[in-house]
Amino acid sequence: MALEGLSYGWLIVLAGALFFVLEVFSPGFFLLVPGTVLLIIGVLVILGFDIFSSSYGIVAGIIIALLAAIVTVFMYSRLTPGNDKPLTTSMDSLVGRSGMVISPADEETLSGKVTIEGHIFSAKSKSGKIPEGTKVKVIASRGVHIVVEEE
């Protein structure tokens, strides 16, 4: 048999490593937690702690797995960004909002920049040139830019 000299502890470690590899292609920390737990249990089995042979071993394995999962979730949660919700914008979500011109906007080019709620957007004016520092209102959203007019 091909796996004759291979301990099942190494198979558990291999499964944990596979979870890490799969996480690379599907990020979100969903596979890192079970992968870390499998790595820890696999290493314990390799080191001689036989988790699967007795009822005490099974209980100890469950406790170790739970503790590893809790610590892993805590540690990985420290890596994620804060509680800020991501900004989601659709074609119409900016219409009606007010902002400030930070780079002059005109009706011909997309060189104008407007800040709305801390985010910067490329802008055109509805008509004429709108100078920097002018308060504006979004009247339309077209592709990757907004159309504004003075308030």
Query raised in the report: Does LEU66 satisfy being touching a helix residue (DSSP H, G or I) at 6+ places or on another chain (Cβ under 8 Å) and at pLDDT 85 or above?
Result: no
Query raised in the report: Would you pick out the residues in the range 103-151 that are crowded, with 16+ Cβ neighbours inside 10 Å and β-branched (Val, Ile, Thr)?
Result: VAL114, ILE116, ILE130, THR134, VAL136, VAL138, ILE146, VAL147, VAL148
Query - Residue in the range 108-151 that is nearest to SER93 (Cα to Cα), counting only those that are at pLDDT 90 or above and acidic (Asp, Glu) - result: GLU149
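For every residue, the table says whether it meets (1) outside any loop (DSSP other than H, G, I, E, B); (2) in contact (Cβ under 8 Å) with a residue 60 or more places away in the chain; (3) among the acidic types (Asp, Glu).
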site	(1), (2), (3)
SER93	no, no, no
ILE102	yes, no, no
LYS113	yes, no, no
LYS124	yes, no, no
SER127	no, no, no
GLU132	no, no, yes
LYS137	yes, no, no
GLU149	yes, no, yes
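The values are calculated or read from the model by the stated rules, or taken from the named source; none is laboratory data. All of these numbers come straight from a predicted model, not from anything done at the bench. Quick reminder, even Gly has a Cβ in these numbers, built from the backbone with ideal geometry, and neighbours come from all protein chains shown.
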